[in-house]
Amino acid sequence: MAEISVIEHIHSMQLLWSPMATGQFTSLMHDLILSAKIISRSVTKAGLVDILGGTGDINIQGEQVQKLDDFANSVMIYRMKNCGVVCALGSEEEDELIIVDTDKPRGNYVIFFDPLDGSSNIDANVSIGTIFSIYRVDDNTELTKENILQKGTEQVAAGYFLYGPSTMMVYSTGHGVHGFTLDPSVGEFLLSHENIRIPASGKYYSANLANYAKWSEQDQKAMDSFNNGKYSLRYVGSLVADFHRTLLYGGLFSYPADSKNANGKLRLLYEANPLSFLIEQAGGLAFDGNGKRVLEIEPKEVHVRTAFLFGSKEDVEQYRKAF
Ligand code: AHG
Ligand code: MN
Ligand code: MN
């Protein structure tokens with residue numbers, strides 16, 4: 001069987017769907033993939049080198065920064081700033097948007113990323129990941145915050161790298177969702193999951209039930225409807241891992257707003273938008289706490305948060321019916 005590398009796949013998708021492409025996008029993906037391989041290498045060796053534990057700092061999200069958060073963030077920023085095709089970037093770990101300063105012609109891409117998702121799981125060797133979301137801006141568009149912050153429907157690509165028992169990459173450019181597994185013996189991501197479709201319903205539901213008392217009555221009722229004997233509970237606490245399982249097995253994930261996080265906890269630009277793009281591409285649904293498609297939310301601020309409900313069509317509809 002021919003083994004297809006991820007860059008080969010991206011390139012063939014470009015030829016099929018964007019025959020006039022300049023190669024900028026493929027070049028961006030190449031550097032993004034290199035960043036993930038470098039992060040994956042450190043994650044794999046984390047117990048052997050001094051990279052576990054916290055840095056002692058608190059980030060813009062008010063959370064403790066782990067050494068691996070910091071490392072992954074530096075790798076991503078360095079690569080994305082220097083790849084030559086990105087004009088602006090936003091990271092969950094940075095206070096402000098970064099505009100790439102260059103004396104060369106400006107790149108046409110904007111990227112948002114969560115450099116290391118699932119920080120609380122790092123020291124326990126539980127699956128973590130990197131999530132990315134890519135947009136385009138024209139050459140003559142002024143790089144203001146308003147022009148850079150676009151609705152999720154405008155994403156040209158989104159995906160994640162999952163550092164689990166194997167390292168995987170899952171991505172979409174709006175033409176299906178495709179999964180690749182890193183083969184360390186050749187150092188490449190090879191196609192392992194072509195055209196992933198989420199099952200119409202699943203047998204797992206996923207939420208941090210410790211927050212139950214803080215949810216609205218509607219969310220409590222909606223979640224109660226899953227305690228009907230058909231479902232089993234799964235919650236990793238690394239969004240990227242909870243998402244990957246839901247994508248492959250089907251089911252439901254919900255992180256509603258609560259009395260502590262009035263707008264939900266998960267971040268629109270780095271987490272909810274890219275994962276909503278993927279789940280819709282795979283045939284599933286993604287909403288905020290008001291029944292609005294996540295992808296339709298107009299982001300006003302870079303670190304804006306949202307309630308996040310996604311999964312198999314039938315399971316998400318069951319949740320929504322309880323409202
Ligand atoms: P991050 O590690 O990037 O800060 O994200 C943590 C997120 C997400 O991965 C997960 O779904 C959620 O936080 C878990 O939150 P709780 O601990 O509140 O359940
Ligand atoms: Mn995260
Ligand atoms: Mn993070």
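The values are calculated or read from the model by the stated rules, or taken from the named source; none is laboratory data. Remember, it's a predicted structure, so these values are computed and weren't measured experimentally. As a convention, Cβ positions derive from the backbone with ideal geometry for all residues, glycine included, and neighbour counts pool all protein chains shown.
Close contacts from the stretch 84-103, counting a first residue that is closer than 24 Å to Gly118 by Cβ and touching a residue at least 12 places away in the same chain (Cβ under 8 Å) and a second that is assigned to a loop (DSSP other than H, G, I, E, B) and away from ligand 2 (no atom under 16 Å from the Cβ), with Cβ to Cβ under 8 Å and a gap of 6+ residues or different chains, come to Leu89/Leu97; Leu89/Val100; Gly90/Leu97.
Filtering the stretch 161-181 to residues that are touching a residue at least 40 places away in the same chain (Cβ under 8 Å) and either in a loop (DSSP other than H, G, I, E, B) or in contact with an Asp or Glu (Cβ under 7 Å, 6 or more places away or on another chain) (or both) leaves Gly164, Thr173, Gly174, His175, Gly176, Val177, His178.
Apart from one condition, Val126 fits all of (1) at pLDDT 95 or above; (2) touching a Leu at 6+ places or on another chain (Cβ under 9 Å); (3) within 28 Å of Ile198 (Cβ to Cβ); the exception is (2).
Counting the residues of the stretch 200-224 that are surrounded by 15 or more Cβ atoms within 10 Å (Cβ to Cβ), more than 16 Å from ligand 2 (Cβ to nearest atom) and hydroxyl-bearing (Ser, Thr, Tyr) gives 4.
Considering (1) closer than 25 Å to Tyr171 by Cβ; (2) surrounded by 18 or more Cβ atoms within 10 Å (Cβ to Cβ); (3) within 15 Å of ligand 1 (Cβ to nearest atom), the lone condition that Lys67 does not fulfil carries the number (1).
Of all residues in the stretch 160-209, exactly one satisfies the criterion of being among the hydrophobic types (A, V, I, L, M, F, W, C), under 15 Å from the mean Cα position of the chain (by Cα) and farther than 29 Å from Ala124 by Cα, namely Val177.
Selection within the stretch 208-246: residues that are assigned to a loop (DSSP other than H, G, I, E, B) and hydrophobic (A, V, I, L, M, F, W, C). The member of this set that is farthest from Tyr163 (Cα to Cα) is Trp215. Can you work out which of the residues in the stretch 33-51 that are within 16 Å of ligand 3 (Cβ to nearest atom) and of a type in the set (A, V, I, L, M) is surrounded by the fewest Cβ atoms within 10 Å (Cβ to Cβ)? Here the residue is Ile51.
Residues of the stretch 109-123 being away from ligand 3 (no atom under 14 Å from the Cβ) and either at pLDDT 95 or above or assigned to a strand (DSSP E or B) (or both), which ones?
Residues of the stretch 109-123 that are away from ligand 3 (no atom under 14 Å from the Cβ), as a first pass: 109-111, 123.
Across the stretch 109-123, the qualifying residues are Tyr109, Val110, Ile111.
The requirement of being more than 20 Å from Leu269 (Cα to Cα) and modelled with pLDDT of 95 or more is fulfilled somewhere in the stretch 146-163, by at least one residue. Tell me, please, whether a residue that is within 16 Å of ligand 3 (Cβ to nearest atom) and closer than 16 Å to Glu280 by Cα can be found in the stretch 178-194. The answer is no, given that none of the residues of the stretch 178-194 is within 16 Å of ligand 3 (Cβ to nearest atom) and closer than 16 Å to Glu280 by Cα.
Select from the stretch 124-160 the residues that are free of Cβ contacts under 8 Å to residues at least 40 places away in the same chain, under 19 Å from Asn273 (Cβ atoms) and assigned to a helix (DSSP H, G or I) and write down the one among them that is nearest to ligand 3 (Cβ to nearest atom). Only one residue tops the list, namely Glu154.
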